[in-house]
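Before any comments, here is the structure.
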Amino acid sequence: MNYDNKIGTRVVRGLDFSPESVDKARSENKMLVLDMDFTTKCNLRCFYCDRSPDINEKQKEEITLSERKDVIFQANRLGAWAVGILGAGEPMLDPAFWELIEYIDSLNMVPLLYTSGWEIKSIDTVKELFDHNVSIMLKYNTEKEFLADKMVGVKGYGSHVKTVMKWLLAAGFNKSTPTRLAINVVATKNTLDEDEFLNLFIWCRENNIYMHGQSLIPSGKADNIQFTLNKTEAVSLLQKGQQIDQERYGFNYSIVPPIIGGFRCRKVNVGMFINAYGEVWDCNGSGRKLGSFPELTLEEIWNSNKAKKVREPLQEGFCHIRESWWGNIDNGWKM
């Protein structure tokens, strides 16, 4: 199976940008995705949190609900059909969460929710998310409940997230193509069980779940050599996933760190990220600020010389912040 021709069948809806769709969007100067923060509030204490600087920021004022709706609308006018809801805290803690989800859905955009699952308290909540066409990226680092609790700093989390997974499967989030269910698995030096990581990868393949398995983004608390895999370690893990894909499923692709399974992030080429304070960046991790909203419209930021320069090199999975941390930065990506 060719990676480029089958990318949409093996990732979660909202991340299924084929090379052809990226090329077309670039030729027409269109966005495909807007990543954004809903809130900086969080009820977990993850030791590896790469968003801790935003969560702990006390001096900046968050943009209003009307401004957040406006930026979503502007992104849609620029061509975006997906909204990645990243945090910086737990998005479901946002008082306006459901109003924003309904608004995104009303624009026929895909809401891709990155969530710990801690605020999903019943199957009724799962059904409501399903009915609003939400795709789910669930924090699911390990099957070991004690380790899951340790990683997020909250007792009982590991047991709860397993229950949430059962609800999501029962609701049918993994019954479509591409799937609407993904798990986010971070490999840290002090928690990685390689066999378990690869077994989770296989379980996801067998159950039409996308595994967004990766090394840490070296930012915030995660910018720590005790936690973060070096490039050799990260590549070795991806190569083992590649071998599984080739031997079990006939998937053929070349790996590009940091994400397992042949997935190549292209968001820098076709999207932008806006944090809770209206600061617009090329992505949520790489640290290249493009402008501020609402001082500038999203269109003005998108069409700025700096933004165009950032989008010019084809990303093809290249992670600016990780390569910089690993000491292998390509000069073409420096700003």
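Residue pairs exceeding 24 angstrom between C-alpha atoms, taken from Lys139/Lys240; Lys30/Lys221; Lys166/Lys231: Lys30/Lys221; Lys166/Lys231.
Classify the stretch 54-98 as rounded, prolate or oblate from the Cα gyration tensor: take a ≥ b ≥ c as the square roots of its eigenvalues, call it rounded if a/c is under 1.5, otherwise prolate when a/b beats b/c and oblate if not. Please report the intermediate quantities before stating the final value.
On the way: a/c = 2.00, a/b = 1.66, b/c = 1.21.
Prolate, since a/c reaches 1.5 and a/b exceeds b/c.
Once every DSSP H run of n ≥ 4 in the chain is given -39500 (n - 2.57) and the sum is divided by its residues, what mean residue ellipticity at 222 nm do you get, rounded to the nearest 500 deg cm²/dmol? Let's see the in-between values first.
Working: 14 runs with 126 residues, N = 335.
Using -39500 (n - 2.57) per qualifying helix, the result is -10500 deg cm²/dmol.
For the pair Ser122 and Ala96, a Förster radius of 25 Å applied to the C-beta separation gives a FRET efficiency near 0.75, rounded to the nearest 0.05. Here's how it looks for Leu229: its modeled amide H is under 5 Å from those of Lys189, Leu216, which are all 5 or more places away or on a different chain.
Please report, in cubic angstrom per residue, the volume enclosed by the convex hull of the alpha-carbon atoms of the stretch 110-204.
Details: hull volume 8.9 nm³, N = 95.
Hull volume normalised by residue count: 94 Å³.
Rounded to the nearest 20, the Cβ-based charge dipole of the stretch 119-193 about its Cα centre (Lys and Arg +1, Asp and Glu -1) stands at 140 debye. Ignoring ligands, DNA and RNA, what percent of the accessible area of the stretch 124-176 is carbon or sulfur (1.4 Å)? It is 51 percent, rounded to a whole number.
Overall, the stretch 88-132 carries a charge dipole of about 140 debye about its Cα centre when +1 sits on the Cβ of Lys and Arg and -1 on the Cβ of Asp and Glu, all other atoms neutral. Applying the Karplus relation 6.51 cos²θ - 1.76 cosθ + 1.60 with θ = phi - 60° to the stretch 98-110 yields 3J(HN,Hα) values of 5, 4, 5, 4, 4, 5, 4, 4, 5, 8, 6, 9, 8 Hz, where x marks Gly and Pro.
Is the shape of the stretch 211-289 rounded, prolate or oblate, going by the alpha carbon gyration tensor and its root eigenvalues a ≥ b ≥ c, with a/c under 1.5 for rounded and a/b larger than b/c for prolate? Write down the numbers at each step before the final one.
Details: a/c = 3.30, a/b = 1.59, b/c = 2.07.
It is oblate, given that a/c is not under 1.5 and a/b is not larger than b/c.
The label-point distance for Arg248 and Asp70, in a model that sets each label 7 Å from Cα toward Cβ, rounds to 4.9 nm. Cross-linked pairs Lys58/Lys175; Lys41/Lys189; Lys150/Lys306; Lys121/Lys150; Lys69/Lys289: Cα-Cα separations exceed 31 Å for Lys58/Lys175; Lys150/Lys306. Each residue of the stretch 183-200 is assigned a 3J(HN,Hα), and the resulting list reads 10, 9, 10, 9, 9, 10, 4, 9, 10, 5, 10, 4, 5, 5, 4, 6, 5, 4 Hz, derived from the Karplus form 6.51 cos²θ - 1.76 cosθ + 1.60 (θ = phi - 60°), x at Gly and Pro. Here the scattering of the stretch 106-155 is modelled by Debye summation over its C-alpha atoms, one equal scatterer each and no solvent; at q = 0.15, 0.16, 0.30 Å⁻¹ the log10 of I(q)/I(0) is -0.51, -0.56, -1.15. Note on the stretch 152-307: Cα-only Rg and Dmax are 18.2, 52 Å. Taking amide H as placed 1.01 Å from N in the peptide plane, Ile183 has its amide H under 5 Å from the amide H of Leu138, Tyr210, Met211, His212, each at least 5 places away in sequence or on another chain.
Look at the Cα gyration tensor of the chain: its axes a ≥ b ≥ c give a/c under 1.5, and that counts as rounded. Carbon-plus-sulfur accessible fraction, the stretch 188-322 (probe radius 1.4 Å, protein heavy atoms only): 46%. Just going by the charge dipole of the stretch 27-159, with Lys and Arg at +1 and Asp and Glu at -1 on Cβ, which of Asn29, Gly153, Gly84 is farthest out on the positive end? Most positive-ward Cα: Gly153. With protein chains left intact and a 1.4 Å probe, residues in the chain average 42 Å² of accessible area per residue.
Per-residue packing, averaged as other Cβ atoms within 10 Å, sorts the ranges 88-94, 138-144 into the order 88-94, 138-144, beginning with the highest.
Backbone phi angles across the stretch 131-136, fed through the Karplus curve with coefficients 6.51, -1.76 and 1.60 (θ = phi - 60°), yield HN-Hα couplings of 5, 9, 6, 6, 9, 10 Hz in residue order; Gly and Pro are listed as x. Cross-link partners of Lys162 among aspartates and glutamates, defined as those whose alpha carbon lies under 16 angstrom from its own and excluding same-chain residues fewer than eight positions apart: Glu119, Glu143, Glu145, Asp149, Glu196. Relative to the Cα centre, the charge distribution of the stretch 1-159, modelled as +1 at Lys and Arg Cβ and -1 at Asp and Glu Cβ, gives a dipole magnitude of about 380 debye. A cut-off of 5 Å between modelled amide H atoms, ignoring neighbours fewer than 5 places along the same chain, links Glu279 with Phe293.
The values are calculated or read from the model by the stated rules, or taken from the named source; none is laboratory data. Just so we're clear, the structure is a prediction, and the values are computed from it rather than from any experiment. No Cβ is skipped: glycine too gets one built from the backbone with ideal geometry, and neighbour counts run over all protein chains shown. Keep in mind that these areas ignore ligands, DNA and RNA; they rest on the heavy atoms of the full protein, side chains included. Shrake-Rupley method; radii C 1.70, N 1.55, O 1.52, S 1.80 Å.
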